[in-house]
Amino acid sequence: MTKWSKVYSTDKPYRADMVKSLLDQNDLHSVIVNKRDSSYHFGLLEVHVASDEVMRALQLINNDIDFK
């Protein structure tokens, strides 16, 4: 059983999708965990990867994505 760790969180769905896409393109299996309230639309979306791939995922996110 794979242990998952959070590598990114946001309140914007498109940002979570961009991070997941980047990780998938680099052969890192990732999942989006939706912790948003479905009625009031507050809360976060989290991107998780396998615990042994956290450092590689964080490097990719920090080096390849700029949301500014």
Looking only at the range 1-14, decide whether some residue is open to solvent by less than 60 Å² (accessible area, probe 1.4 Å) and among the basic types (Lys, Arg). no
Index of the failed condition, Gln25 passing every other in (1) open to solvent by 60 Å² or more (accessible area, probe 1.4 Å); (2) farther than 15 Å from Ile61 by Cβ: (2)
In the range 1-53, how many are in contact with a strand residue (DSSP E or B) (Cβ under 9 Å, 6 or more places away or on another chain), part of a loop (DSSP other than H, G, I, E, B) and without any contact (Cβ under 8 Å) to a residue 40 or more places away in the chain? 8
Those residues of the range 30-62 which are touching a Leu at 6+ places or on another chain (Cβ under 8 Å) and among the hydroxyl-bearing types (Ser, Thr, Tyr) amount to Ser30
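The values are calculated or read from the model by the stated rules, or taken from the named source; none is laboratory data. Predicted model, so just to flag it, every value in this text is computed and none were measured. Using ideal geometry, Cβ is built from the backbone for each residue, glycine included, and neighbour counts are taken over all protein chains shown. To get the accessible areas, we keep the full protein, side chains included, count just its heavy atoms, and leave off ligands, DNA and RNA. Shrake-Rupley method; radii C 1.70, N 1.55, O 1.52, S 1.80 Å.
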